[in-house]
Amino acid sequence: MKTNNLGYPRIGNNRELKKACESYWAGKISIEELTATGKNIRKQNWQLQQNAGIDLIPSNDFSFYDQVLDLSLTVGAIPSRYEEISKTNSSTDLYFAMARGAQKNGQDVVAMEMTKWFDTNYHYIVPEFTKNQEFKLFSEKIIDEFKEANDLGIKTKPVLIGPVSYLLLGKEKEEGFHRIDLIGRLLLVYFDILEKLQNENVEYIQFDEPFLALNLTDQERNAITYVYNAINKRFPKIKLILANYFDCFGENLATVLALPVDTIHLDLVRCKLQLDDIIESGKLLSHVNLSLGVIDGRNIWKNDFKNSLALIKKATDAFGANRILIAPSCSLIHSPCDLDLESNDATLTPEIKQWFAFAKQKINEVVVLKQLAYNEINTTNSLHFQENIIANENRKSSKLIHNDTVKNRVASITTNDDNRQNPFSIRREKQIEVLKLPLFPTTTIGSFPQTIEVRSWRAKFKKGELTQQQYDDLLKKETEETIRFQEESGIDVLVHGEFERNDMVEYFGEQLEGFTFTKNGWVQSYGSRCVKPPIIYGDVSRPNPMTVKWAQFAQSLTPKWVKGMLTGPVTILQWSFVRNDQARSETCTQIALAIRDEVMDLEKAGIKIIQIDEPAIREGLPLRKEEWSNYLDWAIKAFRISASGVQDDTQIHTHMCYSEFNDIIQNIADMDADVITIECSRSQMELLDAFANFKYPNEIGPGVYDIHSPRVPAKEEMVKLLEKASAVIPIDQLWVNPDCGLKTRHWDETKKALIEMVAAAKQMRIAV
Ligand code: GLN
Ligand code: ZN
């Protein structure tokens with residue numbers, strides 16, 4: 001029996017990689033210093049795993065920006081627009097130009113696109129392919145890092161994304177071919193890589209083919225068969241580990257079980273029954289080993305050793321211990337680095353902390369599980385085992401987690417709770433009467449610029465350098481100025497600006513029961529950007545109003561409507577580490593009830609328009625289509641529960657960022673928000689087509705300008721977009737707003753853009 005790891009966090013315990021990259025980009029450190037930082041992180045990671053007792057330690061899991069971009073460079077898939085840059089710059093600068101764009105020395109090229117890595121919050125750089133795409137071994141990173149570890153006396157297992165998944169992760173940049181057609185040409189470069197690694201005496205190589213967890217076409221499945229047979233034929237001595245994660249193999253299982261590979265890795269956290277399926281099928285080839293991903297690489301919970309040992313026993317009984325490897329479910333880049341770096345505080349108490357395991361702790365769990373399963377140590381006198389049992393037992397019964405009032409409330413939800421009193425057509429009449437808004441009403445999505453100053457107040461307040469009173473006074477002043485600006489510029493529905501919020505999820509998490517936070521629990525989101533997700537550990541409830549004070553204050557300043565601003569239950573769930581001791585739907589419903597309480601309190605305080613942001617609904621969709629409808633049922637219901645307590649004439653808005661709506665438009669309509677604002681300007685209103693074709697019945701605000709850019713759009717541009725929108729949506733359903741919140745923008749561009757936006761709306765009104 002062996003221990004196996006698929007990948008280790010590369011950001012460094014104290015985000016050293018972020019700091020080094022950003023300093024390098026700012027010209028503050030040399031390329032040598034940057035390289036040294038990378039080398040140091042790799043060394044620490046390898047040694048940590050070696051000391052812990054991991055047999056198969058990954059290499060090439062390190063990356064300065066993203067592992068998919070690394071591979072694009074490795075196989076020479078470099079879009080032609082970077083040709084100039086590649087001639088005049090180092091390969092590192094070429095690499096960063098592809099990741100971030102480059103604008104210096106007269107050169108000006110845009111970055112490659114970025115998108116989410118499956119259903120995680122990690123973003124990768126999307127490969128670009130042309131019809132005559134050529135591949136060649138361009139970067140030898142994977143070989144260099146293998147040698148680098150060798151020099152330290154550590155024989156690693158290089159990991160890379162398999163050729164089928166690599167192609168599927170990318171995009172065709174011209175018509176007339178499918179990227180999977182490129183497989184033959186691409187495979188030749190993989191041969192070159194394998195050849196070189198073989199010359200270095202590599203023993204194991206891990207190929208990640210996470211697309212095996214998705215619904216594949218026959219052509220794609222055949223490509224898998226073709227590729228792994230071809231590799232095996234040419235390199236029969238290399239032990240190939242085929243890794244799948246994030247969901248089951250599903251209908252791809254038969255294909256996978258027929259492959260001539262050394263080991264198949266299973267994600268038994270996301271797909272518990274996969275092992276049974278394989279045992280029952282009787283189709284595991286006698287020379288193939290199984291890597292059991294029993295430790296959750298995507299969450300922060302301590303493993304349940306009893307459960308894992310039962311799974312391992314099942315596998316060893318069926319196949320023999322020497323064919324079994326123990327592993328985390330997926331790469332640990334989705335886990336924070338080290339729980340030992342967290343000091344105890346008021347919310348992260350020792351009782352709560354004992355339930356957690358971060359990457360370093362998970363590595364130890366892998367090793368201890370093997371020792372226990374292999375009888376190297378005995379459960380009765382293993383301290384690790386006893387401690388694990390106690391922590392898990394304690395979690396099952398802890399009063400910190402279980403709140404009967406919340407559980408009962410969820411259990412007694414009825415259909416009344418997720419339905420507004422009347423259908424939209426009736427609500428609409430009442431809202432028109434009360435709100436008295438013009439045609440093409442203007443609004444914003446919520447946040448206004450979070451200046452360095454505003455951030456510094458929060459930092460000072462947290463350090464105790466500002467009193468609550470001083471901090472609140474500063475925020476009030478900022479809010480008042482923002483209200484005045486919106487009044488002067490003629491915006492119809494105002495917002496308070498969200499200056500009191502650090503982050504749209506953390507702000508709510510901090511005020512809800514059942515949440516805790518880490519000081520150093522960073523996880524890479526993209527490039528040098530890391531996030532620190534809140535942790536939902538217990539039943540969620542809302543002890544006190546969370547936003548009423550600010551909404552009420554802002555409303556008191558103006559006779560115009562001020563919109564209350566909340567984050568929705570699905571988004572709070574999606575952007576947190578969530579409980580694994582109950583269904584996601586259950587946790588989401590609890591959050592929905594807490595948000596519902598807030599909505600009701602806002603209404604009571606006289607707020608007539610309330611926005612519940614749900615930008616994460618679309619990204620929460622499961623990987624396999626057969627699971628979509630179940631997810632959408634509970635997710636949409638959670639939103640409805642949060643929104644449905646109010647009177648007919650209280651207007652509920654929701655907001656969603658850049659999403660394809662086509663295949664979920666019925667579900668979006670089922671949310672039954674009175675108004676939805678969406679991101680639309682970058683697609684030139686194309687995203688609106690889904691709503692138009694569906695004849696979306698409620699009101700809609702397609703974003704008319706891109707908030708990701710400092711560029712100020714002219715009135716005429718926005719009029720054009722609004723005319724486009726008016727051509728497909730009845731004008732009395734249309735709102736006018738930017739694409740998203742303005743917190744990353746500066747004040748002067750924000751003011752100019754909003755003044756132009758209001759002018760555009762006015763012009764549209766005159767035209768009718
Ligand atoms: N109300 C939030 C804001 O304006 C919405 C952010 C988002 O959709 N990502 O910042
Ligand atoms: Zn948004």
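The values are calculated or read from the model by the stated rules, or taken from the named source; none is laboratory data. Since the model is a prediction, treat every value here as computed from it, not as a measurement. Using ideal geometry, Cβ is built from the backbone for each residue, glycine included, and neighbour counts are taken over all protein chains shown.
Being away from ligand 1 (no atom under 14 Å from the Cβ), surrounded by fewer than 23 Cβ atoms within 10 Å (Cβ to Cβ), in a loop (DSSP other than H, G, I, E, B) and modelled with pLDDT of 95 or more, is that true of even one residue in region 567-576? Within region 567-576, one or more residues are away from ligand 1 (no atom under 14 Å from the Cβ), surrounded by fewer than 23 Cβ atoms within 10 Å (Cβ to Cβ), in a loop (DSSP other than H, G, I, E, B) and modelled with pLDDT of 95 or more. For region 456-476, the count of residues that are within 16 Å of ligand 1 (Cβ to nearest atom) and within 33 Å of the chain's Cα centre (by Cα) is at least one. Of all residues in region 733-768, those satisfying the criterion of being polar (S, T, N, Q), over 13 Å from SER489 (Cα atoms) and away from ligand 2 (no atom under 14 Å from the Cβ) are GLN733, GLN763. In region 548-561, the residues that are of a type in the set (Val, Ile, Thr) reach residues that are at pLDDT 95 or above and in a helix (DSSP H, G or I) with C-beta atoms within less than 9 angstrom, at least six apart or across chains, in these pairs: VAL548/GLU598; VAL548/ASP601; VAL548/LEU602; VAL548/LYS604; THR558/ILE483; THR558/ARG484; THR558/GLN486; THR558/GLU487.
Please enumerate the residues belonging to region 533-547 that are without any contact (Cβ under 8 Å) to a residue 60 or more places away in the chain and either acidic (Asp, Glu) or surrounded by fewer than 17 Cβ atoms within 10 Å (Cβ to Cβ) (or both). Scanning region 533-547 gives PRO543, ASN544. Out of all the residues in region 679-702, which are touching a residue at least 60 places away in the same chain (Cβ under 8 Å) and within 14 Å of ligand 2 (Cβ to nearest atom)? Matches in region 679-702: GLU679, GLY701.
Can you pull out every residue in region 443-455 that is away from ligand 1 (no atom under 16 Å from the Cβ) and among the small types (Gly, Ala, Ser)?
To start, the set of residues in region 443-455 that are away from ligand 1 (no atom under 16 Å from the Cβ) comprises 452-453.
If the condition is that a residue be away from ligand 1 (no atom under 16 Å from the Cβ) and among the small types (Gly, Ala, Ser), then no residue fits.
Within region 298-323, the set of residues being part of a helix (DSSP H, G or I) and more than 33 Å from the chain's Cα centre (by Cα) comprises LYS313, LYS314, THR316, ASP317, ALA318, PHE319, ALA321, ASN322, ARG323.
Counting only helices (runs of 4 or more DSSP H) that sit completely within region 446-530, those holding 1 or more residues that are aromatic (Phe, Trp, Tyr) and within 16 Å of ligand 2 (Cβ to nearest atom) correspond to 506-509. For region 370-385, check the following and say yes or no: at least one residue is among the acidic types (Asp, Glu), under 27 Å from LEU290 (Cα atoms) and surrounded by 17 or more Cβ atoms within 10 Å (Cβ to Cβ). No, because not a single residue in region 370-385 is among the acidic types (Asp, Glu), under 27 Å from LEU290 (Cα atoms) and surrounded by 17 or more Cβ atoms within 10 Å (Cβ to Cβ). Selection within region 417-438: residues that are more than 22 Å from LYS563 (Cβ to Cβ) and touching a Ser or Thr at 6+ places or on another chain (Cβ under 8 Å). The member of this set that is surrounded by the fewest Cβ atoms within 10 Å (Cβ to Cβ) is ASN419. Within region 586-617, the set of residues being within 30 Å of GLU251 (Cβ to Cβ) and surrounded by fewer than 21 Cβ atoms within 10 Å (Cβ to Cβ) comprises just one member, GLU586.
I'd like the full set of residues that are of a type in the set (A, V, I, L, M, F, W, C) and farther than 18 Å from GLY446 by Cβ, limited to region 636-656. So that I can check it myself, show each step before the final result.
Filtering region 636-656 down to residues of a type in the set (A, V, I, L, M, F, W, C) leaves 636, 638-639, 641, 643, 646, 652, 656.
The answer is ILE636, ALA638, ILE641, VAL646.
The condition (being over 28 Å from LYS104 (Cβ atoms), more than 25 Å from the chain's Cα centre (by Cα) and either part of a loop (DSSP other than H, G, I, E, B) or not basic (Lys, Arg) (or both)) is satisfied by just one residue among ILE54, ILE29: ILE54. Given the criteria without any contact (Cβ under 8 Å) to a residue 40 or more places away in the chain and closer than 30 Å to VAL367 by Cα, does GLU16 qualify? So GLU16 fits the description; yes. Quick check, is ILE607 touching a Pro at 6+ places or on another chain (Cβ under 6 Å) and either closer than 28 Å to LEU435 by Cα or away from ligand 1 (no atom under 14 Å from the Cβ) (or both)? No: the conditions fail for ILE607. ILE11 satisfies every condition listed in (1) part of a loop (DSSP other than H, G, I, E, B); (2) free of Cβ contacts under 8 Å to residues at least 12 places away in the same chain; (3) of a type in the set (A, V, I, L, M) except (2). VAL704 fulfils the conditions (1) farther than 23 Å from MET565 by Cβ; (2) touching a helix residue (DSSP H, G or I) at 6+ places or on another chain (Cβ under 6 Å) except for a single criterion, (1). ARG529 falls short on exactly one of the conditions (1) at pLDDT below 95; (2) buried (at least 23 other Cβ atoms within 10 Å of the Cβ), and that condition is (2). For region 205-225, a residue qualifies if it is closer than 19 Å to PHE177 by Cβ, of a type outside the set (D, E, K, R) and in contact with a helix residue (DSSP H, G or I) (Cβ under 7 Å, 6 or more places away or on another chain), and the qualifying residues are PHE211, LEU216, GLN219, ALA223. Assess whether ILE617 counts as being in contact (Cβ under 8 Å) with a residue 12 or more places away in the chain, away from ligand 2 (no atom under 16 Å from the Cβ), β-branched (Val, Ile, Thr) and under 24 Å from TYR658 (Cα atoms). Spelling it out, it is not the case that ILE617 is in contact (Cβ under 8 Å) with a residue 12 or more places away in the chain, away from ligand 2 (no atom under 16 Å from the Cβ), β-branched (Val, Ile, Thr) and under 24 Å from TYR658 (Cα atoms). Checking each residue in region 355-377 for being in a loop (DSSP other than H, G, I, E, B) and under 23 Å from ASN51 (Cβ atoms) picks out ALA357, PHE358, TYR374, ASN375, GLU376, ILE377.
Filtered by the rule that a residue be in contact with a Phe, Trp or Tyr (Cβ under 8 Å, 6 or more places away or on another chain), in a loop (DSSP other than H, G, I, E, B) and of a type outside the set (Phe, Trp, Tyr), region 707-740 gives PRO713, ILE729, PRO738, ASP739.
With respect to SER80, determine if the residue is farther than 22 Å from TYR190 by Cβ, surrounded by fewer than 20 Cβ atoms within 10 Å (Cβ to Cβ), within 27 Å of the chain's Cα centre (by Cα) and among the small types (Gly, Ala, Ser).
On the way: farther than 22 Å from TYR190 by Cβ: yes; surrounded by fewer than 20 Cβ atoms within 10 Å (Cβ to Cβ): yes; within 27 Å of the chain's Cα centre (by Cα): no; among the small types (Gly, Ala, Ser): yes.
In short, no.
Listed by first and then second residue, the pairs linking a residue in region 125-154 that is under 30 Å from ASN51 (Cα atoms) to a residue that is in a helix (DSSP H, G or I) and of a type in the set (Phe, Trp, Tyr), with Cβ atoms under 7 Å apart and 6 or more places separating them unless they lie on different chains, are ALA149/TRP46; LEU152/TRP46; ILE154/TRP46.
Looking only at region 700-747, how many residues end up being of a type in the set (Val, Ile, Thr) and within 14 Å of ligand 1 (Cβ to nearest atom)? Give the derivation first.
Taking region 700-747 as the starting set, the residues that turn out to be of a type in the set (Val, Ile, Thr) are 700, 704, 707, 712, 719, 728-729, 731, 736, 744.
From what is left, the residues that are within 14 Å of ligand 1 (Cβ to nearest atom) are 707, 744.
So the answer is 2.
Restricting SER343, SER286 to residues that are assigned to a loop (DSSP other than H, G, I, E, B), among the small types (Gly, Ala, Ser) and without any contact (Cβ under 8 Å) to a residue 40 or more places away in the chain narrows the list to SER286.
Listed by position, the helices (runs of 4 or more DSSP H) enclosed by region 61-111 that each have at least 1 residues that are closer than 21 Å to LYS18 by Cβ are 67-74, 91-100.
Contact annotation: residue pairs with Cβ atoms under 8 Å, 6 or more positions apart or on different chains, pairing a residue in region 654-674 that is within 18 Å of GLN611 (Cα to Cα) with a partner that is part of a loop (DSSP other than H, G, I, E, B) and away from ligand 2 (no atom under 16 Å from the Cβ), are ILE668/TYR696; ALA669/TYR696; ALA669/PRO697; ALA669/ASN698; ASP672/ARG420; ASP672/ASN698; ALA673/ASN698; ASP674/ASN698.
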